[in-house]
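What follows is a short report on a single structure.
The values are calculated or read from the model by the stated rules, or taken from the named source; none is laboratory data. Given the structure is predicted, the values throughout are model-derived calculations rather than measurements. Cβ placement follows ideal geometry from the backbone for every residue including glycine, while neighbour counts extend to all protein chains displayed. Ligands, DNA and RNA are stripped out before the accessible areas are found, and what is left, the full protein with its side chains, is counted by its heavy atoms. Shrake-Rupley method; radii C 1.70, N 1.55, O 1.52, S 1.80 Å.
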Amino acid sequence: MKKNNKINKDSRKRSLQLAWFTVPGLIWLIVFCYLPMFGLVVAFKDYKNYDGNFFTSLFKSEWTLKNFEFFFKTSDAWLVTKNTLMYNMVFITLNIVVPLIVAIMLHELLNKRMAKAYQTATFLPYFLSWIVISYSVYAMLQNDTGLFNQIRRMLGLEGIDWYRQPGYWPFFYIFLHTWKGLGYNTVIYLAALSGIDKSLYEAASIDGASKLQQAKHITIPLLRPVIIIIFILSLGGIFRSDFGLFFHIPNSGGGAASLRNVSEVIDTYIYKLLMNSQNIKQSSAIGFFQSVIGFILVFTANKIVKRFDPERAIY
């Protein structure tokens, strides 16, 4: 009995020590994630600055739902919503498929040093700022001295004013987004691959299965839980966009106005609305709308997965 009490006491002590390590993260979560939620009230208020004090003005302002009506009545609502959804559907698909293929290829490499080198090379772009990348893109696409146009002129072709040609940019955005996130997403799959029992591959090899058949019948089925979780979590951001990608990349070449039809997404629209008109109530309403739709999609997708395959659901 005394021994059990001592074990329980040591266990509680150890748990308490581990809990203290979570305190900094908990404080960060409260300060930067939960406290700002108070600002959601602005989306439901006809906010007016009465005396220069934000909180006083907020409480004096009347309740309203007109801030949500504003977005749907604008001529830009369809454009930014369509762009956001279309890009994110492609991004979600490629961010699952491409890293999965790369991870399987790296996992199958016999030379582990080369595998580490390739993995590092794909991971490096993840640490680059979109501002840095935007100037690199500008160096390639600049009209007079850009690398692409120089190559075209060497081949006897005319240069292209890339920043005035919207038709090329969806492909640029898709490539850049996939390239930048490839290394990070690959690491997730590599971590999952390391947990697969190697005896399964050995048994498959003895039975004459090729590498492609092993990947199809062993690797991918065992990675299905990870793929499903990544897909469900990605759905939560389908109404959000990579702001740096769609804002900095076209702006580096001064093509924001010309490329607006293919580069304006909800996040850049909110930013411009806030910066140009200082309209925090309508900007907050659109941001709140994004969050609600994301929550509904994650909740619905998880419910569907839970119904057909309970073990693969998040909760």
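Here the contact order of the stretch 166-315, divided by its residue count and restricted to Cα pairs under 8 Å and six or more residues apart, works out to 28 percent. Any chance you could check the Cα centroid distance between the stretch 9-40 and the stretch 57-81 for me, in angstrom? Cα centroid of the stretch 9-40 versus Cα centroid of the stretch 57-81: 35 Å apart. Dividing the summed -39500 (n - 2.57) terms of all DSSP H runs of n ≥ 4 by the residue count of the chain sets its mean residue ellipticity at 222 nm at -21500 deg cm²/dmol. Among the listed pairs Lys198/Lys306; Lys45/Lys82; Lys116/Lys198; Lys82/Lys272; Lys48/Lys281, those whose Cα-Cα separation exceeds 21 Å are Lys198/Lys306; Lys45/Lys82. Two tests apply to each whole DSSP H helix in the chain, Cα reach of 18 Å or more along its axis and mean Kyte-Doolittle hydropathy of at least 0.5, and the ones passing both are 77-108, 169-193, 220-235, 280-308. Take the chain with all the other protein chains still there, run a 1.4 Å probe, and you get 63 Å² of accessible area per residue. Dipole of the stretch 68-308 computed with +1 at Lys/Arg Cβ and -1 at Asp/Glu Cβ about the Cα centre; of Trp162, Leu273, Tyr126, farthest Cα towards the positive end is Tyr126.
A dipole drawn for the stretch 68-308 from +1 and -1 charges on Cβ atoms has a positive end, and of Ser234, Leu106, Leu223 the residue lying farthest that way is Leu223. A cut-off of 5 Å between modelled amide H atoms, ignoring neighbours fewer than 5 places along the same chain, links Lys45 with Thr64. Here the accessible area of the chain is 66 percent carbon and sulfur, with a 1.4 angstrom probe and all protein chains present. Peptide packing for 12-22, 264-274 was compared via the average number of neighbouring C-beta atoms within 10 Å per residue; ordered from the highest value, the list is 264-274, 12-22.
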